[in-house]
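This report concerns only the one structure given below.
The values are calculated or read from the model by the stated rules, or taken from the named source; none is laboratory data. The shown structure was predicted, so the numbers you read here are calculated from the model rather than taken from an experiment. When we count neighbours, we look across all protein chains shown, and the Cβ atoms used for this are built from the backbone with ideal geometry, even at glycine. Protein only, heavy atoms only, side chains kept; ligands, DNA and RNA dropped before computing areas. Shrake-Rupley method; radii C 1.70, N 1.55, O 1.52, S 1.80 Å.
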Amino acid sequence: MRMLKEIEDEKEDIGPIKDSFKYTGPLRRFKVTPKRHVPEHIQKPDYWLFGDPLSEIEADKTNRIIVNSDEDIEAIRLACKIGRLALDAAHSVVAPGVTTDEIDKVVHETIIKHDAYPSPLNYYRFPKSV
């Protein structure tokens, strides 16, 4: 696992943002790295490209309660298992000096490895997988 100092040495454009904010502790805001790639074979949600979850917005307008089929419930169970694996992967790398970008990379790769889409990625334009 790479530590903050190694990342700073590798790329200057990732380092802390120079600003006039009066920080009270050692934490600093960093530049956001580019979005990570999702392979073509992975099914993507409607918001993956532009950030607007159109199907969710439309479903909210109907005021209906969705009753899931047995097939839907199995898909939800699989999504929950992958989510658990992603949480465990994130937990395994959390330590002082490990950046949130490094944690995001581990989570993103774990989800991709299971042929799934990291659902926070580009949801309302959120740039990361966690």
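For region 112-119, state whether one or more residues are within 14 Å of the chain's Cα centre (by Cα), open to solvent by less than 60 Å² (accessible area, probe 1.4 Å) and at pLDDT below 95.
no
Can you name the condition, by its number, that PRO34 falls short on among (1) in a loop (DSSP other than H, G, I, E, B); (2) farther than 30 Å from ASP19 by Cβ?
(2)
Could you check region 50-130 for helices (runs of 4 or more DSSP H) lying wholly inside it with 1 or more residues that are in contact with a Phe, Trp or Tyr (Cβ under 9 Å, 6 or more places away or on another chain)?
Numbers: elements: 54-62, 70-93, 100-113.
The qualifying helices (runs of 4 or more DSSP H) are 54-62, 100-113.
Residue pairs, Cβ under 7 Å, 6 or more apart or interchain, first in region 61-87 and surrounded by fewer than 12 Cβ atoms within 10 Å (Cβ to Cβ), second at pLDDT below 95 and of a type in the set (A, V, I, L, M). List them.
none
Which residue is modelled with the highest pLDDT, if the candidates are limited to region 90-111 and must be open to solvent by 70 Å² or more (accessible area, probe 1.4 Å) and closer than 16 Å to VAL32 by Cβ?
Quick first cut of region 90-111, residues open to solvent by 70 Å² or more (accessible area, probe 1.4 Å) only: 91-92, 94, 96, 100, 105, 109.
If we keep only those that are closer than 16 Å to VAL32 by Cβ as well, we get 100, 105.
Working: THR100: 91, LYS105: 96.
Across region 90-111, the extreme among qualifying residues is LYS105.
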